[in-house]
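Participant: Please read through the structure below; I'll follow up with questions.
The values are calculated or read from the model by the stated rules, or taken from the named source; none is laboratory data. Note that the structure is a prediction, hence the values are computed from the model and not measured. Virtual Cβ from ideal backbone geometry, glycine too; neighbours counted across all protein chains shown.
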Amino acid sequence: MFTVMSEAKRKRVFSGIQPTGNIHIGNYLGAIRHWASSQVGFDNIFCIVDLHAITTSQDPRMLRTRIRQAATLLFAAGIDPRLSAVFVQSHVSAHAELAWILNCLIPMGWMQRMTQFKEKSQKQKERVLVGLFDYPALMAADILLYETDLVPVGEDQKQHLELTRDVAQRFNSTYGLTFKLPEPVIPRKGARIMGLDDPTKKMSKSGSRPGHAVYLLDSPEEIRSKIMGATTDSLREIHFDKGRPALHNLLVIYELFTGLRRAEIEARFKGKGYIDLKRDLAEVIIEGLRPVQQRYRELTMDAAYIDSLLVGGVSKVRPIAEKTLLIVKEKIGLR
Ligand code: AMP
Ligand code: TRP
């Protein structure tokens, strides 16, 4: 009786990650780590968003590899298939279908305000695709299909979550209560890890310079070389100061990997220089990633196992998505 009650009350968590580029410590500290650490007591769904990935050009062979790699990394980082469903977005056609329906409710003006689109389209100019513009509608569909309560994401996704709530409200007020309004869950620290080469830009998978990001699968040598080469300022004292963004970023990464308090970290580096901090930081990251990399290597030896987990994941979530889509179609008169 008790378990049935608590199951019924369990909140649903939904989040997604794009299988593009290499997954980096920004993704880990801002999102994946939290997904893994708060699975118990929630009903969790994590989606490899391959349809979002194709909003920028992808090599088909590479994309296929990266979808499986992203899934493997999630399990390696501690996502437990007994507690969480992991699946590939394009395996549930309801995502694309609901996105289309939402397109027909979202005013152009809302989409034109999306800063992620503005930033990305500035870089790509006329090559920018309609799909990239429409990205937030697909993301709203992802979330709304599953009666999601909580969406744990990094800071950069906050605006997309607001749009999701807005379109859900618009649907509800037009057609009657249908969608639950999801809440973003953004970590207090680490929600925006910055590039090692440029602390004014968030660490991203598309950062082209080799020293931009530490990837979860980087070797100890690569991690040392990237951290030693990270940008810093010309001041000396090591303490947490938002006005010194490069140093602040390194210290936040240190803080999150060690779990130490800020005062302890500052005491540890009192009278020391950047070289000491960087040397220590590299080792802290190497140690922090070691278990993830170890588990990743074990899991890649059994591709059939990962496939079976993805099949298990999709078979749990597909009925939920299809049920929601059917209700939506009935409400708007498509059925
Ligand atoms: P993406 O790489 O865009 O698929 O992002 C996957 C998750 O990682 C999302 O929840 C993002 O908000 C989060 N994320 C991406 N980049 C960063 C970053 N530099 N710092 C913190 N979180 C991030
Ligand atoms: N847009 C998210 C990102 O780039 C990925 C994503 C797609 C997502 N659909 C989602 C995140 C639904 C949370 C919920 O990080």
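Participant: Select, from Leu74, Leu83, Leu105, the only residue that is more than 16 Å from ligand 1 (Cβ to nearest atom), modelled with pLDDT of 95 or more and touching a strand residue (DSSP E or B) at 6+ places or on another chain (Cβ under 7 Å). Give the steps one after another, and end with the answer.
Facilitator: Working: Leu74 fails: more than 16 Å from ligand 1 (Cβ to nearest atom); Leu105 fails: touching a strand residue (DSSP E or B) at 6+ places or on another chain (Cβ under 7 Å).
Answer to the check: Leu83.
Condition check ((1) in a loop (DSSP other than H, G, I, E, B); (2) in contact with a Pro (Cβ under 9 Å, 6 or more places away or on another chain); (3) farther than 30 Å from Leu105 by Cα) across all residues:
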residue	(1), (2), (3)
Asp241	yes, no, yes
Val252	no, no, yes
Glu264	no, no, yes
Leu277	no, no, yes
Leu299	no, no, yes
Pro319	no, no, no
Leu325	no, no, no
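Participant: Tell me, please, whether a residue that is within 17 Å of Lys189 (Cα to Cα) and aromatic (Phe, Trp, Tyr) can be found in segment 264-286.
Facilitator: no
Participant: Is it true that Gly41 is among the small types (Gly, Ala, Ser) and within 14 Å of ligand 2 (Cβ to nearest atom)?
Facilitator: Values: among the small types (Gly, Ala, Ser): yes; within 14 Å of ligand 2 (Cβ to nearest atom): no.
So Gly41 fails the test.
Participant: Asp80 fails exactly one of the following numbered conditions: (1) in a helix (DSSP H, G or I); (2) closer than 16 Å to Phe14 by Cα; (3) out of contact with any Pro (no Cβ under 6 Å at 6 or more places or on another chain); (4) not aliphatic (A, V, I, L, M). What is the number of that condition?
Facilitator: Exception for Asp80: condition (1).
Participant: Then there's this: I'd like to verify a number: residues in segment 91-119 that are outside any helix (DSSP H, G or I) and either in contact with a Phe, Trp or Tyr (Cβ under 8 Å, 6 or more places away or on another chain) or over 23 Å from Leu334 (Cα atoms) (or both), how many?
Facilitator: 3
Participant: Could you list all residues from segment 29-49 that are within 8 Å of ligand 1 (Cβ to nearest atom) and part of a helix (DSSP H, G or I)?
Facilitator: Correct list: Leu29, Gly30, Ala31, Ile32.
Participant: While we're on this one: Quick one: how many residues across segment 291-335 are touching a residue at least 24 places away in the same chain (Cβ under 8 Å) and closer than 19 Å to Asn44 by Cβ?
Facilitator: The qualifying residues number 15.
Participant: Same structure, new question: Might you check whether a residue that is acidic (Asp, Glu), within 30 Å of Ile327 (Cβ to Cβ) and either modelled with pLDDT of 95 or more or in a strand (DSSP E or B) (or both) occurs anywhere in segment 177-200?
Facilitator: Within segment 177-200 (the criterion being acidic (Asp, Glu), within 30 Å of Ile327 (Cβ to Cβ) and either modelled with pLDDT of 95 or more or in a strand (DSSP E or B) (or both)), the answer is yes, since at least one residue qualifies.
Participant: Given the structure, is Ser15 within 11 Å of ligand 2 (Cβ to nearest atom), touching a strand residue (DSSP E or B) at 6+ places or on another chain (Cβ under 9 Å) and among the small types (Gly, Ala, Ser)?
Facilitator: Values: within 11 Å of ligand 2 (Cβ to nearest atom): yes; touching a strand residue (DSSP E or B) at 6+ places or on another chain (Cβ under 9 Å): yes; among the small types (Gly, Ala, Ser): yes.
Taking the combined requirement at face value, the residue satisfies it.
Participant: From the list Lys242, Lys278, Lys331, Lys270, exactly one residue is surrounded by 16 or more Cβ atoms within 10 Å (Cβ to Cβ) and either at pLDDT below 95 or more than 30 Å from Leu102 (Cα to Cα) (or both). Which is it?
Facilitator: Values: Lys242 fails: surrounded by 16 or more Cβ atoms within 10 Å (Cβ to Cβ); Lys331 fails: either at pLDDT below 95 or more than 30 Å from Leu102 (Cα to Cα) (or both); Lys270 fails: surrounded by 16 or more Cβ atoms within 10 Å (Cβ to Cβ).
From the options Lys242, Lys278, Lys331, Lys270, the qualifying one is Lys278.
Participant: Checking Arg165 against (1) in a loop (DSSP other than H, G, I, E, B); (2) without any contact (Cβ under 8 Å) to a residue 24 or more places away in the chain; (3) within 30 Å of Ala96 (Cβ to Cβ); (4) not polar (S, T, N, Q), which test does it fail?
Facilitator: So the condition that Arg165 fails would be (1).
Participant: Kindly indicate the residue of segment 136-159 that is surrounded by fewer than 22 Cβ atoms within 10 Å (Cβ to Cβ) and part of a helix (DSSP H, G or I) and also nearest to ligand 1 (Cβ to nearest atom) among those meeting that condition.
Facilitator: Asp156
Participant: While we're here: Filter segment 121-144 for residues that are within 10 Å of ligand 2 (Cβ to nearest atom), out of contact with any Cys (no Cβ under 7 Å at 6 or more places or on another chain) and touching a residue at least 40 places away in the same chain (Cβ under 8 Å); which is nearest to Phe46 (Cα to Cα)? Write out each step before concluding.
Facilitator: Step one: filter segment 121-144 for residues within 10 Å of ligand 2 (Cβ to nearest atom), giving 135-136, 138-144.
From the residues that got through so far, the ones that are out of contact with any Cys (no Cβ under 7 Å at 6 or more places or on another chain) too are 135-136, 138-141, 143-144.
Going one step further and asking which of them are touching a residue at least 40 places away in the same chain (Cβ under 8 Å), we end up with 135, 138-141, 143-144.
Working: Tyr135: 18, Leu138: 15, Met139: 13, Ala140: 14, Ala141: 14, Ile143: 10, Leu144: 14 Å.
Selected residue: Ile143.
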